[in-house]
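Encoded as structure tokens, the structure appears first; notes follow it.
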Amino acid sequence: MEKQKIIVSLVDEHLEHELVEQINLFDAYTATRLNDIADSDISDFSCGITDNTQRNKLCSEKFFLPLVVINGDETDDSRIVCVSTPIKLAEIERQIKTLIRLREYSHKSSFRFAHFEFYSIDKSLKNTSTGETIRLTEKEADIIKYLYNANGCVVSREELLQHVWNYNELVTTHTLETHIYRLRQKTEIDPNNATVLTTEVGGYKLSLS
């Protein structure tokens, strides 16, 4: 069975080296320090172990790994779990297993459009041409899902506002246009000439092929 790859990035270098050595004793995992790889290789890993200071290195717009954060600030993001010191290796292993299972479930509930693969739980896109992983906000993910479920048909601005923002009368078309603009910055080669998320007569359409 292929080992799951774990990346470790901590301010405390002694603890970082110790964790890498301990994790490599497990049959199911192989651990590597962030400093020992190139940034472009981050997406090859299944999970990360980090701290509050270093977490942004593994949690950028370009890459987002499920993370075990040591002494981290609590968050409602299901892809991040926090553990306290003193570190218990059994607890680290348990959290890694949970995060990897969550990631695998998310990938099973994915769908493809254009040259992207969308992962629901991760709220992320993977560019199948470049391998790049792109983080999405909750609303950006909801827009992608709703447009995808329209099966290539045009969806009106009013319909998107109603279903993505749950009929909130305080949300305006400007809010939607801002989210569309940000999505295009993440998905289009040339955001000014969109081919993936296009503006059509009557609304927006997502290219499925």
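The values are calculated or read from the model by the stated rules, or taken from the named source; none is laboratory data. Fair warning: this is a prediction, and the values are worked out from it, not measured in the lab. Every residue, glycine among them, receives a Cβ derived from its backbone with ideal geometry; neighbour counts consider all protein chains shown.
Against the numbered list (1) free of Cβ contacts under 8 Å to residues at least 60 places away in the same chain; (2) exposed (fewer than 12 other Cβ atoms within 10 Å of the Cβ); (3) under 25 Å from Phe45 (Cα atoms), Asp122 comes up short only at (2). Candidates Thr195, Thr178: the one that is touching a Ser or Thr at 6+ places or on another chain (Cβ under 7 Å) and either outside any loop (DSSP other than H, G, I, E, B) or surrounded by fewer than 19 Cβ atoms within 10 Å (Cβ to Cβ) (or both) is Thr195.
Here Gly131 fits the description: closer than 30 Å to Leu19 by Cβ and not assigned by TED's automatic domain parsing to the domain that holds Leu67. Considered as a group, the residues in region 10-69 that are basic (Lys, Arg) and either assigned to a helix (DSSP H, G or I) or more than 25 Å from Glu138 (Cα to Cα) (or both) include one that is modelled with the lowest pLDDT, and that residue is Lys57. Taking region 154-173 as the range and being exposed (fewer than 12 other Cβ atoms within 10 Å of the Cβ) and either at pLDDT 90 or above or within 25 Å of the chain's Cα centre (by Cα) (or both) as the test, only Asn166 passes.
The lone criterion from (1) at pLDDT 90 or above; (2) closer than 17 Å to Glu188 by Cβ left unmet by Arg135 is number (1).
In region 75-92, of all residues being outside any loop (DSSP other than H, G, I, E, B) and touching a residue at least 12 places away in the same chain (Cβ under 8 Å), the one that is surrounded by the fewest Cβ atoms within 10 Å (Cβ to Cβ) corresponds to Leu89. Checked against the criteria, Tyr181 does not count as modelled with pLDDT under 90 and over 23 Å from Asp77 (Cα atoms). Taken over region 93-129, the criterion of being at pLDDT 90 or above and assigned to a loop (DSSP other than H, G, I, E, B) is satisfied by Ala114, His115, Thr128, Ser129.
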